[in-house]
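Below: the structure, in C-alpha cells.
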Amino acid sequence: MELTFVDAIRQALIEEMRRDPAVFLMGEDIGVYGGAFKATAGLVDEFGPQRVIDTPLAESAIVGAAIGASYTGMRPVVEMQFMDFVACCFNQITNFAAKSHYRWNAPVPIVIRGPVGGGVHGGPFHSQNPEMYFVHTPGLKVVEPATPGDAFGLLLAAIRDNNPVLFLEHKFLYRRLKEDVAIDAPPIPLGRAKVARPGRDLSVITYGAMVQTALATADQLAARGIEVEVLDLRTLLPLDCDAIAATARKTSKVLILHEDTRTGGIAGEITAILQERCFDDLDGPILRLTSGDAPVPFSPPLEEAFLPSAQALANHIERLARF
Amino acid sequence: MPKARAARPRPAAAALARRNGQTAAAMVTDLRREKLRFDLRETRRDGKVVYEWEGRVTDPPPLRETAALSRDQALAIYRFMLMNRIMEQQLENLYKQGQVVGGVYFGLGQEGCSVASAFALGPDDWMAPMIRNQGSLLVRGFAPRDVMMQYMAKSGSPTRGRDGTSHFGDLEKRRMISPISMLGDLIPVMAGVCLGERMQGREVAAMTWIGDGGQSTGVFHEGVNFAAAQRLGLVLVIENNLWAYSTPLQRQVRITDLAVRAAGYGIPAFVVDGTDPLQVYEACRQAVARAHAGGGPTIIEAKLMRMKGHAIHDPASYVPPRLLEFWRRRDPIVRFEGYLTLKGWLGESERTRLRAEIEVEMAAERAAAESSPMPTPDDVLEGVYCERCHHPTPHFQGRPS
Ligand SMILES: Cc1ncc(C[n+]2csc(CCOP(=O)(O)OP(=O)(O)O)c2C)c(N)n1
Ligand SMILES: [Mg+2]
C-alpha cells in the first residue's frame, strides 16, 4: 500500500486497533477532527468515541490515565499534539511510567506518540526534539523512524511492547515521504538500527529526518568517489550498540548527525560507545554535526542557519574522508 | 417613570443543576457534627515567626451513627485501626533501633480515615495509598511485615528492596497501585484505571488520597477534571490535616473547605470529620456506590490533624501546642471505642483481649520482617524493562465497547 509517513502511522494504528481490542487512543482533537496532523483521521468513525477519545487539554491527565488504563491490561496510545508539550507530563513519564516495572513489577504498555522536529518554521515551542530527556531515563524506550515503512513496522512493535515507548515522528516527513508499505509485514523489532545505505569510506550515524539529509548527501558524494554508509538508528533507547560498532569497524570513520541540539545530544553517547568498543578501529576523529545549543528560532533564515544543513554535512564528510 | 423590569423567572434548581453539572450548594454534603475552623495567627515571639491558635479546646461530640455498618464490620474497622497504630509503634521502635533505612511516616490520628475509607471498597475496586495510609494497606490484605520490610529495605519486601515506605502495589490480587513520591500524580492514574475497566465492561471505584498540600498541584486539577469529564469512578479522599510538612493550610489556599473545589468540576463532595470513622465510611460508601453506578467521581474532604511531625525526624515545633491538644481529644481510636462501648459491641475485656492479640501478632510480624535478609545486588540492573516477563491481559466482559 502506497503510504505517506503520516498515513503509515495512521495505518499502523488502524491495524493494531483491529487486531487487539485492548488498543485505544487518547489525545487532544484526535476524534472528530482526526488530529492536528490527521494521524487519526477517520478513526473515530471506525472505532467509536470510546476507543478514540478526545481528552481535556491536560497532558499529565492524558498520560496518567494511560498509565492507569495500562494497569488494567489495556494498551493505550496517546498523542501529543506536538511533542514539545511532552514537557507538561514529564513527571508521569519519567517517574510514574518509567520506574513502575523496576519498582513493583508492574509493566506499563503505553505509547506516547507525536510530531517532533524543525524545518517547518514552528518556532521554539513547536519544533523541538525532546528525545534526550527520555533517553536519559531507564525504563523508557525511545523510537524515531525515518521512513513510512519503518514508521509502520516500528509503531506496531511499540504498541505490542510491554514498556512505555516514546514514538517520535518528524513532522517534516509527514507528507514529504511516500513509499510502498507492506501492511501485512511483521513488526520491526525495537532496538535495531538499519543500514540505510551501505558504503565503505565512512559512516554517518543518524536518525529521523536527518536520515533523508544523509542519504541525499551520500548520493551526491558518491559521484565524487566517496562511498558513505548511512546507519539509521531507528531506536535511541535502547541503542543498537552492535550496529554502531559494526559500521565503525567497517569504515573506520564516523560522523554522527542529529537535528537535536549539541550538548547532551546522542552524539556524545555514541562517541563514548565508539571509543569504548572501537578505539583501535578508528582512522579519524569522531565528528558530530548537530543543531547549535539554542532554542529553535522561528524566522526561516534563522531556523535554516540553526539546523544542520546538507552543505555542512557534505563539508564534514569531505573533511573526515581526507583522514 | 421607567417601568419596573419584571423579574426574570429563575430557572428551576434542577435545570440549573443540569446545565452546570450541579450547583455548588447541592454538591457538598457536610456530615460533620462540629464545624470547625482553624485560623492560625502568624506572630512574632522572641524574634521568631510562630503560629498561634486561639480556638477553644473542647470535647468532641459523639460519633455520627450510620446504619450501613454491622457490628462485625464496625469491629473489623476498629481492629484495623488498632493494628495501624500498633504497627506504627513497632515502626518507631525499629527506627530507634537503627533497623529502618531512611525515615518513617506516621498516620497517627488519621487511622480512622485510612481504614474506614479503604473499608468501603469492594474486591473489584482499586486503590492507591499515600504515605500516611498505612491502615488502608492492612484493609487491602497486606501484612504488617510487608510494611515493615519496605521500611527496612529487606529482600522480602514487596518491592524486594527497590523502593521503600508504602511505595508498593499488587495488580493481580489486591488491585493496588503503587504511589510515587510526587504528590498528585496518582489522581489521573486512578482515573485511568476506571477508564480501562470501563472499556472492559466494568464500572469500578478507584480510591486514592491526597493531602491539603498535594491538592495544590496542577495534576490534581488535571486528574479530577479528567475523571469528571469522563465520568470515571474516582473516589478522592482529601485528608485535610491542616499541615503540609511545615506549611499551614492557610498558606496553601484561600478557602477553608477544600471540598468546595468539587463545584468547579461539576461533581459532588462530602465534608467529614476525619476522626470519625463512621462518617468517613458513610461518605466513601456513597462515593463507591456512585462509581459502581457509572455516576462519576466524588471528592471527600476529611478534616483531621497530623498528630506527629511530617516524618520521624520532624518534631513539628511549628504546630501550636493547643491545636494539638484540641485534636488529642479527638483521637479516632478513643472516639470509636466510646461508640462501640456505648453500642454494647465492645466490652472492657474484649478490648483488652483484642489489643493483646494484636500485640502478639505484631511481634510475630516484626520477627518475620527482621529475619528477611537484605537484598543481594546481583540483579540490581535487572527488571528495568518488561521483556515478556509479564503479560498484561484485559478481561473483557460482554462485547468490547
Ligand atoms: C509534587 C511534590 N512536591 C513536593 C513533595 C515533597 N513533600 C512530600 S510530603 C510534603 C507535604 C505534603 O503535605 P500534604 O499533602 O498535606 O500531606 P500530609 O503530609 O499532610 O499527609 C511535601 C512538600 C512531594 N512529595 N511531591
Ligand atoms: Mg497535610
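Some points to look at:
- Taking the chain by itself as reference, the stretch B:152-179 contains these residues with an accessible-area loss of 40 Å² or more in the full protein complex (1.4 Å probe, heavy atoms): B:R162, B:L171, B:S178.
- Based on Cα contacts under 8 Å between residues 6+ apart, chain A shows a relative contact order of 16 percent.
- Remark: accessible area buried at the B-A interface is about 3900 Å², both chains counted, probe radius 1.4 Å.
- More than 34 angstrom apart: percent of Cα pairs within chain A: 21
- Residues with amide H under 5 Å from that of A:E169, placed H, sequence gap 5 or more: A:G114, A:V116
- HN-Hα J in Hz across the stretch B:175-182 - Karplus 6.51, -1.76, 1.60, θ = phi - 60°, x for Gly and Pro: 6, 10, 8, 6, x, 10, 5, 5
- Using only side-chain charges placed at the Cβ, +1 for Lys and Arg and -1 for Asp and Glu, the dipole size of the stretch A:193-305 relative to its Cα centre rounds to 220 debye.
- Using the Karplus relation 6.51 cos²θ - 1.76 cosθ + 1.60 with θ = phi - 60°, the per-residue 3J(HN,Hα) values for the stretch B:345-357 come to 9, 9, x, 4, 5, 4, 5, 5, 4, 4, 4, 5, 4 Hz, with x marking Gly and Pro.
- Taking amide H positions as modeled 1.01 Å from N, with prolines and chain starts lacking one, the residues under 5 Å from B:M207 and 5 or more places away or on another chain are B:W126, B:M127, B:A128, B:V235.
- Principal axis analysis of the Cα atoms in chain B yields extents of 91, 64, 51 Å, listed in decreasing size.
- By the helix-only formula, in which each DSSP H run with n ≥ 4 contributes -39500 (n - 2.57) and the sum is divided by residues, chain B has a 222 nm mean residue ellipticity of -11500 deg cm²/dmol.
- C-alpha center-to-center spacing [the stretch A:52-69, the stretch A:181-226] in angstrom: 35
- Candidates B:Y95, A:G64, B:I238 compared by Cα position along the dipole of the protein assembly as shown: farthest toward the positive end lies B:I238, with charges placed on Cβ.
- B:R64-B:D378 pseudo-label distance in nm [points 7 Å out on the Cα-to-Cβ vector]: 5.6
- Fraction of accessible area attributable to carbon and sulfur, chain B (%, probe 1.4 Å): 52
- Structure note, pairs A:K99/A:K178; B:K173/B:K343; B:K303/B:K343: Cα-Cα distances above 29 angstrom occur for A:K99/A:K178; B:K173/B:K343.
- Computed over neighbours whose Cβ is under 12 Å from that of B:V319, the net charge equals +1, Lys and Arg +1, Asp and Glu -1.
- Histogram of C-alpha separations across the stretch B:177-307, 10 Å bin width, %: 14, 46, 33, 6, 0
- In Hz, Karplus ³J(HN,Hα) per residue of the stretch B:101-118 (6.51, -1.76, 1.60; θ = phi - 60°; x = Gly, Pro): 8, x, x, 10, 10, 10, x, 4, x, 10, 4, x, 6, 4, 6, 5, 5, 4
- Whole-percent carbon and sulfur share, accessible surface of the stretch A:194-321, 1.4 Å: 53
- Distant-in-sequence amide H partners of B:D30 (H built 1.01 Å from N, under 5 Å): B:V271
- For chain A, the 222 nm mean residue ellipticity estimated from helices alone, with every DSSP H stretch of n ≥ 4 adding -39500 (n - 2.57) and the total spread over all residues, rounds to -10500 deg cm²/dmol.
- Of the cross-linked pairs B:K96/B:K308; A:K141/A:K194; B:K48/B:K308, those separated by over 19 Å at the C-alpha level are B:K48/B:K308.
- Those residues of the stretch A:80-120 for which accessible area with every protein chain present is at least 50 Å² below the isolated value (1.4 Å probe): A:N91, A:F96, A:H101, A:Y102, A:R103, A:W104, A:N105
- For the segment B:378-385, counting C-beta atoms of other chains within 10 Å of every residue's C-beta and taking the mean gives 4.
- For chain A, the longest principal axis of the C-alpha atoms and the axis of helix A:59-71 are separated by about 70°.
- Highest-first arrangement of B:164-177, A:136-149, where packing means the average Cβ count within 10 Å: A:136-149, B:164-177
- Residues of the stretch A:48-65 whose accessible area (probe 1.4 Å, heavy atoms of protein chains only) drops by at least 30 Å² once all protein chains are present, relative to their chain alone: A:Q50, A:I53, A:P56, A:S60, A:A61, A:A65.
- Cα centre as origin, Lys/Arg/Asp/Glu Cβ charges: the stretch A:2-180 dipole, Debye: 380
- Between B:S349, B:S181, B:S114, the GNM of chain B built on Cα springs shorter than 10 angstrom shows B:S349 fluctuating the most.
- Counted charge near B:V50, where neighbours are those whose Cβ lies closer than 10 Å (Asp, Glu -1; Lys, Arg +1): +1
- Surface composition of the stretch A:1-158: carbon plus sulfur atoms contribute 57% of the solvent-accessible area (1.4 Å probe, protein chains only, all chains present).
- Using only alpha carbons, the protein assembly as shown has a radius of gyration to Kirkwood radius ratio (Rg to Rh) of 1.04.
- Degrees separating the helix A:148-160 axis from the principal Cα axis of chain A, which is the longest one: 50
- Dividing the C-alpha radius of gyration of the stretch A:115-253 by 2.2 N^0.38 Å, with N its residue count, gives 1.07.
- The mean count of C-beta atoms from other chains within 10 Å of the C-beta of residues in B:221-229, rounded to a whole number, is 5.
- Relative to the longest principal axis of the Cα atoms of chain A, the long axis of helix A:266-277 makes an angle of roughly 60 degrees.
- With one equal scatterer per alpha carbon and no solvent term, the Debye-computed log10 I(q)/I(0) for the stretch A:216-304 at 0.14 1/Å reads -0.58.
- Rh by Kirkwood over Cα pairs, then Stokes-Einstein D for the stretch A:2-180 at 1.306 mPa s and 10 °C, µm²/s: 100
- Accessible surface area normalised per residue over the protein assembly as shown is 40 Å², counting heavy atoms of protein chains with a 1.4 Å rolling probe.
The values are calculated or read from the model by the stated rules, or taken from the named source; none is laboratory data. Worth saying up front: this structure is predicted, and the values here are computed from it rather than measured. When we count neighbours, we look across all protein chains shown, and the Cβ atoms used for this are built from the backbone with ideal geometry, even at glycine. When the accessible area is computed, the model is the full protein with side chains, heavy atoms only, and any ligands, DNA or RNA have been set aside. Shrake-Rupley method; radii C 1.70, N 1.55, O 1.52, S 1.80 Å.
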